[in-house]
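Single-structure report; data block below.
The values are calculated or read from the model by the stated rules, or taken from the named source; none is laboratory data. Treat the numbers as computed from the prediction; the structure is a model and nothing was measured. Cβ sites come from the backbone with ideal geometry, for glycine too, and all protein chains shown count toward neighbours.
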Amino acid sequence: MKNFFIFFLINFFLMINGCSFKPLYKSNQIFSKYNVQIVVKSKEKYENNASLFKNTLEGKLGSSKSEISDLKLIVSINRYESDLGINKNLYTFGKMLTLDAIYSFYDKKGLLTRGRLSKKTSYNVTANPYANMVAKEDASKKLVLSISENLADLILAMDFKRKISP
């Protein structure tokens, strides 16, 4: 019985202290308490890149219990296409899709940080117009999700030079 109690006690302490995972950054409490107003600008008329970008950022930075504040994130996204110059066969060639996100983060006192994120991907263009449209939209969606998650993680992990005043 004494051995069982010691075995149980050791396992209990190992379960409590045994997890060696520690996150690279702590969640910043300022962003969970206050609402961050997100503005996404895009020149694309019939694309859903801006709304997808905004929804992803709101999911990472926003909370349903947040208070109104003057925190504001302005993001401008631009999409560029170029040929890769690579032909798989006579009917298929590659295109490169580049997505740039220029961001500025403001609080009540003014600019906190600004920067630029850029990512590239490629997709194949064939003789089938529907397949081309699907490939382009899929590549664009994956780029938007990747850049928006990177931007949210970057802002959450950022150490600002001055105190944030929401």
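Observations, loosely collected:
- Set TYR103, TYR123: member being within 13 Å of the chain's Cα centre (by Cα), among the aromatic types (Phe, Trp, Tyr) and crowded, with 16+ Cβ neighbours inside 10 Å: TYR103
- Meets criteria (assigned to a helix (DSSP H, G or I), under 30 Å from TYR34 (Cα atoms) and modelled with pLDDT under 90) for ILE155: yes
- Boolean, ARG162 is among the charged types (D, E, K, R), farther than 17 Å from VAL36 by Cα and not in a strand (DSSP E or B): yes
- Matching residues in segment 1-43 - criterion: being at pLDDT below 80 and of a type in the set (D, E, K, R): LYS2, LYS22, LYS26, LYS33
- The criterion of at least 1 residues that are among the aromatic types (Phe, Trp, Tyr) and in contact (Cβ under 8 Å) with a residue 12 or more places away in the chain is met, among strands (runs of 3 or more DSSP E) falling completely within segment 35-135, by 72-87, 93-106, 111-125.
- Residue check, VAL144 among the β-branched types (Val, Ile, Thr), out of contact with any Leu (no Cβ under 7 Å at 6 or more places or on another chain) and outside any strand (DSSP E or B): no
- Residue in segment 73-93 that is under 23 Å from TYR34 (Cβ atoms) and in contact with a helix residue (DSSP H, G or I) (Cβ under 6 Å, 6 or more places away or on another chain) present: no
- Of all residues in segment 94-124 being within 22 Å of LYS72 (Cβ to Cβ) and polar (S, T, N, Q), the one that is modelled with the lowest pLDDT: THR113
- In segment 145-166, the residues that are surrounded by 16 or more Cβ atoms within 10 Å (Cβ to Cβ) reach residues that are of a type in the set (Lys, Arg) and at pLDDT 90 or above with C-beta atoms within less than 7 angstrom, at least six apart or across chains, in these pairs: ILE147/LYS119.
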